[in-house]
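Contents: one structure, followed by commentary.
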Amino acid sequence: MNDKFNLDSFLKKYKDDEACLKHIKSIKYPGGVFCEKCQKVTNFTKVQNRPVYQCSCGHQVSPLAGTIFEKTTTSLQYWFYAIFIMSVTRSGVSAKQLQRELGVTYKTAWRMFKQIRILMANANNDGGLLDGTVEVDETFIGGKGVNRKFKPNFNEIPKEVIMGMVQRSKIGKGGDKAYLKHIPNTGKWTLLKQIKDHIDSQARVITDEYYGYTQLKYQGYNHDFVTHKETYVVGDIYTQNVENLWSILKRGIYGVYRVVSKKYLQAYIDEYSWRYNNRKYQDKMFEMLLKEINNVKVISPAKIT
Ligand SMILES: [Zn+2]
């Protein structure tokens, strides 16, 4: 957490539910609220004791409708706080930590945790392909924690495989960008499918010398690989960025959560890649994540438990 936007200033800014609601209103209606009855943008005022705003003509709008906050019985300030700590805490927080800090039930904490992760996963899915120079690697989570050998060893069955792709930062085009995916195995067709789905065909792809990547050159990719026998880096052929990402990820998994079930591994790595991709924005991370409420449509909140 940095000094510019710390917890203190956060709690001052969002001092109660009304302040939070007002902020949600400004996110939902950036150009002011358009009154359907008056057919123009009018001045909507807060209705007492309800999360609703009203035009002088009587028409009402609910800024929470269709968002992850719809029908919530939890204080909006708690939600904001949860979004804040989940976005700015470097290695993440668990639902258990949310429960403790907010003093809510575990069920409530877990529900909030899951919804906030949906915001993160959604923000990651901007649909753009990685391009330029992209480092690609895989790692294993769980099991004995042994990374695969450079030759396949079919006797050693690792627990869960995560594939990582990191687009190196480009001058004038922002920082690096990561995409992480929980994949069923390290077979070459599995790897290739992910690469084709997420990396532009004009990109330069850098991997290690694993046999699973040998198909890349036949698919039109400009492929360079690191030879681990060499103790020095040849030019810019390295995969240091994606390897650094693995160490952040593993520190989080083993430090914060200890165990991540297979079922939630993708949600977990979505959370990590969101934080990784947005870490350069620091004090804007909370606002950026909160804005995703406009893009995550909750159709029937009763079905999301
Ligand atoms: Zn009106």
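Computed quantities for the displayed model
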read-out	value
Any hit, the range 107-128, residues being modelled with pLDDT of 90 or more, aliphatic (A, V, I, L, M) and touching a strand residue (DSSP E or B) at 6+ places or on another chain (Cβ under 9 Å)	no
Qualifying residues in the range 47-59 (those that are part of a loop (DSSP other than H, G, I, E, B) and within 16 Å of the ligand (Cβ to nearest atom)) - the one surrounded by the most Cβ atoms within 10 Å (Cβ to Cβ)	Cys55
Neighbours by Cβ (under 8 Å, 6+ apart or cross-chain): first from the range 15-41, under 18 Å from Tyr81 (Cα atoms); second among the charged types (D, E, K, R) and more than 16 Å from the ligand (Cβ to nearest atom)	Ala19/Lys13; Ile27/Lys291
Check on Ser62, surrounded by 14 or more Cβ atoms within 10 Å (Cβ to Cβ), in contact (Cβ under 8 Å) with a residue 24 or more places away in the chain and polar (S, T, N, Q)	no
Unique residue being of a type in the set (Phe, Trp, Tyr), in a loop (DSSP other than H, G, I, E, B) and open to solvent by less than 50 Å² (accessible area, probe 1.4 Å) when the list is Phe84, Phe69	Phe69
Single condition Asp208 does not satisfy, out of (1) open to solvent by less than 30 Å² (accessible area, probe 1.4 Å); (2) modelled with pLDDT under 90; (3) among the charged types (D, E, K, R)	(2)
Total residues in the range 214-256, condition buried (at least 18 other Cβ atoms within 10 Å of the Cβ) and under 30 Å from Phe113 (Cα atoms)	7
Condition check for Asn222: of a type in the set (S, T, N, Q), at negative phi and without any contact (Cβ under 8 Å) to a residue 12 or more places away in the chain	no
Some residue of the range 282-298 being over 25 Å from Tyr14 (Cβ atoms) and open to solvent by 30 Å² or more (accessible area, probe 1.4 Å)	no
Candidates Glu138, Glu101, filtered to the one that is closer than 25 Å to Gln167 by Cβ and charged (D, E, K, R)	Glu138
Tally, over the range 260-271, of residues that are open to solvent by 40 Å² or more (accessible area, probe 1.4 Å) and touching a residue at least 12 places away in the same chain (Cβ under 8 Å)	2
Set Phe34, Phe44: member being within 16 Å of the ligand (Cβ to nearest atom), assigned by TED's automatic domain parsing to the domain that holds Val104 and open to solvent by 50 Å² or more (accessible area, probe 1.4 Å)	Phe34
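The values are calculated or read from the model by the stated rules, or taken from the named source; none is laboratory data. Quick caveat, the model's predicted, so the values are computed rather than measured. All Cβ positions, even for glycine, are placed from backbone atoms using ideal geometry, and neighbour counts span all protein chains on display. Quick note on the areas: whole protein, heavy atoms, side chains included, nothing else; ligands and nucleic acids left out. Shrake-Rupley method; radii C 1.70, N 1.55, O 1.52, S 1.80 Å.
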